[in-house]
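The values are calculated or read from the model by the stated rules, or taken from the named source; none is laboratory data. Note that this is a predicted model, so its numbers are computed, not measured. So basically every Cβ, Gly included, is an ideal-geometry build from the backbone, and we count neighbours across all protein chains shown. Areas reflect the complete protein model, heavy atoms only, side chains present, ligands, DNA and RNA absent. Shrake-Rupley method; radii C 1.70, N 1.55, O 1.52, S 1.80 Å.
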Amino acid sequence: MATKTAPQPTREDILAFIAREREAAGGPRKIGVREIARAFGLKGEDRVALKRMIASLADEGAIEKRGRRLNRKGALPPVTLVDIVERDRDGEMVAVPVEWDEDELGAPPRILIRAPRRARPGEPLAGVGDRALVRAEPDHDAGPGEPPYVGRVVKLLSRARHRVLGVLHVEPNGHGRILPIDKKQAGRELLVAGADIGEAKHGDLVSVDLVGKTRFGAPRARVRESLGSVSSEKAVSLIALRAHDIPDVFRPEAVAEAEKAKPATLQGREDWRHLPLVTIDPPDAKDHDDAVHAEPDTAPDNDGGFVLTVAIADVAYYVRPRAPLDKDALERGNSVYFPDRVVPMLPERISNDLCSLRENEDRPALAVRMRVTSKGKKLGHSFHRIMMRSHAKLAYAQAQAAVDGQPDEKTGPLLDRVLRPLYAAHDALRHARDLRAPLDLDLPERKILLKPDGSFDRVIIPPRLDAHRLIEEFMILANVAAAETLEEHRQMLIYRAHDEPSKEKVTALAEFLATIGVKLAKGQVLKPEHFNVILSRVKGLEHENIVNEIILRTQAQAEYTHENYGHFGLNLRRYAHFTSPIRRYADLIVHRALIRALKLGEGALPDTPAGELAETAARISAAERRAMAAERETVDRLIAHHLVDQIGARFGARISGVTKSGLFVRLIETGADGFVPAATLGREYYSYDEASHSLTSRSGVSYRLADVIEVRLVEAAPIAGALRFEVVGGGEKRKPPASSFGKRGKYKGNGRR
């Protein structure tokens, strides 16, 4: 008798199912091929047909694939970070998502915010201008022109800033000018009447209210609050802190909790103080949250293999869920690093003392012991709550010099019994890494050095040593082990996920590669190794820099999420951050989850609904992006401050972006970013070609992404971190792209001087 098969769902059935499940109560859920097949009762060949249909929907852009999960194209995640932008005619608030790719998805969807039926006493209510986490779902009753989503605020993250930040300049007549700190507003001064300056002083960072315009049309403002002087470069990072609302003062109750904390004892822990764990960090590191050890595996089934140990500071012992320290840590999300200061996630009593794995001092830790083969394959691992003692505090260059034949007084005794086994184990891990083939972009990191007075000194590119790679590979393996253990115990966690590039970005990459004679096969499932092949083909050639830059821009942004869709860049199926709980809240969550799953004692993750975990992931992802922006802007301001006395000077630069309006450039020596308006390029018309990332004149003079040119500094706005240049040398003679001409060969210039 023939087996009765279930009817194959239509495309509309699949799209409706995905939408329905995304709206289901009880928080976000994973929706993949397995879930769809189970819902429609599909097996065998029917599943194969289902996979083909889903692939077709993804190719058409009807749905998005994130690893193994599916979502309707352009649909909002169940928990979304939003800015509340207006009130509608009925007085209800309307929000838009903070992160939305308009190039790929069009205008951001509007979300109607429902007010809570009963506000809890003292609970702040969201208003226009606020940023919040919102649980959103499609509004099927919405009419034409009405917001397609409806949502409710689950967490208010920051109050509205109905103000502009700038630096006050007081004129001899007693009136003032405000220089905005926003780079986009550079050069657009605000005027302040003497009576509206209040107690603020010349050179203060101030917040102001806009109160109208003068008769000449210039905006007028009133000083609302003085935030302190920015007369020295030491105060540059203060601007970023205030501009991004990064908290830098701990609440009194959190400080009190930290000061009352007592060192952990051996009770309930394994004693590993005999194990010669060492820390290897930058020479200026103040906190040390990871230590490593390696030794040959003596088990007969692992000839030539190793036993690796990674010990991580036991922050969860001191920072308990929902306590004052925890609330401040979640609000910060991570530590923020500026050239002149660090804004830590935890008070120094915790981060630099009780949890710092100091040399020759007992410290509590969460450790993972891993067995790997001579080829770096992990055979197994186990987690332990321990008491450890770091046997040495080493710097990267110090450890590297010892292995390279130049040991010092500290590394000499450690060379054979500690350092050589670590490097031998790294050789094994490097072999496994090469087989895994993660994305291999050449992206040197610049570091700003300051003078003793806090002023700008120079920019350096620290050498990339095997010591750096050793620690990196040990940490990656430990992070994988943490994710695997938590999945095995069915314990919810926060993953570090990195999605594969979108179809639109891959198409744009393929179009660019075609302009330089490199082919990217269409229709294949892209893996990091495909990008690596392209990078290897152009290494050492004229196109190397531009290809690295565009492949980087093709990648999605990594994020924290409670749903696993893998890490594309590392080419790993599961990955979680475990190794830096002193400076990242996500790692603290993973520690608590491990303590709960393995029953390791106090500080475990409490019962946490999926929705709450999704909210936490969204918050710390936003905090990470906030920190990155603040760090980047601070560097821009420091360098602009340094260059303000060099107007007219010439610099070598590389084109870092091309638009219709001009060229973004990055100075080769310092890494400073600036802009060259298209109107200053010359008397010819310049046509912008998106596929080749270039501006080209009719005569063939072309400026393309990653080209090296010479520029002259025309203007510097140090408070905004803005630099304006003009091109004085460079530009290649190239044939104008075909897209620069109309159907009859008429030139379509659009960048006229």
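All conditions in (1) in contact (Cβ under 8 Å) with a residue 40 or more places away in the chain; (2) over 25 Å from residue 631 (Cα atoms); (3) not small (Gly, Ala, Ser) hold for residue 548, with the sole exception of (2). Scan the stretch 576-591 and give yes if some residue there is over 30 Å from residue 525 (Cβ atoms), among the charged types (D, E, K, R), touching a Ser or Thr at 6+ places or on another chain (Cβ under 6 Å) and open to solvent by less than 10 Å² (accessible area, probe 1.4 Å), otherwise no. There is at least one residue in the stretch 576-591 that is over 30 Å from residue 525 (Cβ atoms), among the charged types (D, E, K, R), touching a Ser or Thr at 6+ places or on another chain (Cβ under 6 Å) and open to solvent by less than 10 Å² (accessible area, probe 1.4 Å).
For first residues located in the stretch 187-207 and closer than 16 Å to residue 173 by Cβ, partners that are among the small types (Gly, Ala, Ser) and in a loop (DSSP other than H, G, I, E, B) and lie 6+ apart or on another chain with Cβ distances below 6 Å form the pairs 191/218; 194/174.
Yes or no, residue by residue, for (1) modelled with pLDDT of 85 or more; (2) touching an Asp or Glu at 6+ places or on another chain (Cβ under 8 Å); (3) among the aromatic types (Phe, Trp, Tyr):
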| site | (1), (2), (3) |
| --- | --- |
| 714 | yes, yes, no |
| 726 | yes, no, no |
| 737 | no, yes, no |
| 744 | no, no, no |
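Being open to solvent by 20 Å² or more (accessible area, probe 1.4 Å), charged (D, E, K, R) and closer than 19 Å to residue 255 by Cβ is the filter here; which residues of the stretch 332-351 pass it? The answer is 341, 348, 349. Residues being in a helix (DSSP H, G or I) and without any contact (Cβ under 8 Å) to a residue 24 or more places away in the chain: count how many of those fall in the stretch 517-543. Selection size over the stretch 517-543: 6. Here residue 605 fulfils each of the conditions (1) within 30 Å of residue 385 (Cβ to Cβ); (2) over 23 Å from the mean Cα position of the chain (by Cα); (3) assigned to a helix (DSSP H, G or I); (4) hydrophobic (A, V, I, L, M, F, W, C) apart from (3).
Residues in the stretch 355-400 that are over 25 Å from residue 285 (Cα atoms) and of a type in the set (Phe, Trp, Tyr): 383 alone. Which residues, taken from the stretch 696-728, are open to solvent by less than 10 Å² (accessible area, probe 1.4 Å), on the phi < 0 side of the Ramachandran plot and free of Cβ contacts under 8 Å to residues at least 60 places away in the same chain? 696, 697, 702, 709, listed by residue number. Filter the stretch 169-189 down to the residues that are at pLDDT 90 or above, under 16 Å from residue 226 (Cβ atoms) and of a type outside the set (Lys, Arg) and list them by number. Once the filter is applied, which keeps residues that are at pLDDT 90 or above, under 16 Å from residue 226 (Cβ atoms) and of a type outside the set (Lys, Arg), the stretch 169-189 yields 170, 176. Close contacts from the stretch 620-648, counting a first residue that is of a type in the set (Val, Ile, Thr) and a second that is assigned to a helix (DSSP H, G or I) and modelled with pLDDT under 90, with Cβ to Cβ under 6 Å and a gap of 6+ residues or different chains, come to 634/236; 634/237; 634/240.
The set of residues from the stretch 104-151 being in a loop (DSSP other than H, G, I, E, B), hydrophobic (A, V, I, L, M, F, W, C) and either modelled with pLDDT of 85 or more or in contact with a strand residue (DSSP E or B) (Cβ under 6 Å, 6 or more places away or on another chain) (or both) comprises 126, 128. Pairs needed: first member in the stretch 83-99, at negative phi and assigned to a loop (DSSP other than H, G, I, E, B); second member anywhere, open to solvent by 30 Å² or more (accessible area, probe 1.4 Å) and modelled with pLDDT of 80 or more; C-beta distance under 6 Å; at least 6 residues apart or different chains. Every condition considered, the pairs that remain are 98/83. Scanning the stretch 541-561 for residues that are open to solvent by 30 Å² or more (accessible area, probe 1.4 Å) and either touching a Leu at 6+ places or on another chain (Cβ under 7 Å) or more than 26 Å from residue 471 (Cβ to Cβ) (or both) yields 541, 542, 543, 544, 545, 549, 552, 553. If the condition is being open to solvent by 50 Å² or more (accessible area, probe 1.4 Å) and over 11 Å from residue 277 (Cβ atoms), then the stretch 379-392 contributes 379, 381. Scanning the stretch 654-676 turns up no residue that is without any contact (Cβ under 8 Å) to a residue 12 or more places away in the chain, closer than 29 Å to residue 239 by Cα and assigned to a loop (DSSP other than H, G, I, E, B). Among the residues of the stretch 637-653, just one is part of a helix (DSSP H, G or I), open to solvent by 20 Å² or more (accessible area, probe 1.4 Å) and either touching a Pro at 6+ places or on another chain (Cβ under 8 Å) or closer than 12 Å to residue 720 by Cα (or both), namely 641. Step by step: first the residues of the stretch 190-219, then only those that are open to solvent by 50 Å² or more (accessible area, probe 1.4 Å) and at pLDDT 85 or above, then the one that is nearest to residue 451 (Cα to Cα). Which residue is that? Looking at the filtered set, the residue picked out is 202. Looking across the stretch 577-602, just one residue is farther than 19 Å from residue 342 by Cβ and either modelled with pLDDT under 95 or among the acidic types (Asp, Glu) (or both), and that is 602. Only one of these is under 26 Å from residue 297 (Cα atoms), modelled with pLDDT of 95 or more and polar (S, T, N, Q): 390, 356. Name it. Matching residue, one of 390, 356: 390. The set of residues in the stretch 346-389 that are without any contact (Cβ under 8 Å) to a residue 24 or more places away in the chain and either under 19 Å from residue 592 (Cβ atoms) or assigned to a loop (DSSP other than H, G, I, E, B) (or both) contains only 382.
Of 329, 401, 316, all but one fail to be assigned to a helix (DSSP H, G or I) and surrounded by fewer than 19 Cβ atoms within 10 Å (Cβ to Cβ); the exception is 401. When the stretch 226-264 is filtered for residues that are out of contact with any helix residue (DSSP H, G or I) (no Cβ under 7 Å at 6 or more places or on another chain), in contact (Cβ under 8 Å) with a residue 60 or more places away in the chain and open to solvent by 30 Å² or more (accessible area, probe 1.4 Å), the ones remaining, listed by number, are 232, 234, 242, 245, 255, 256.
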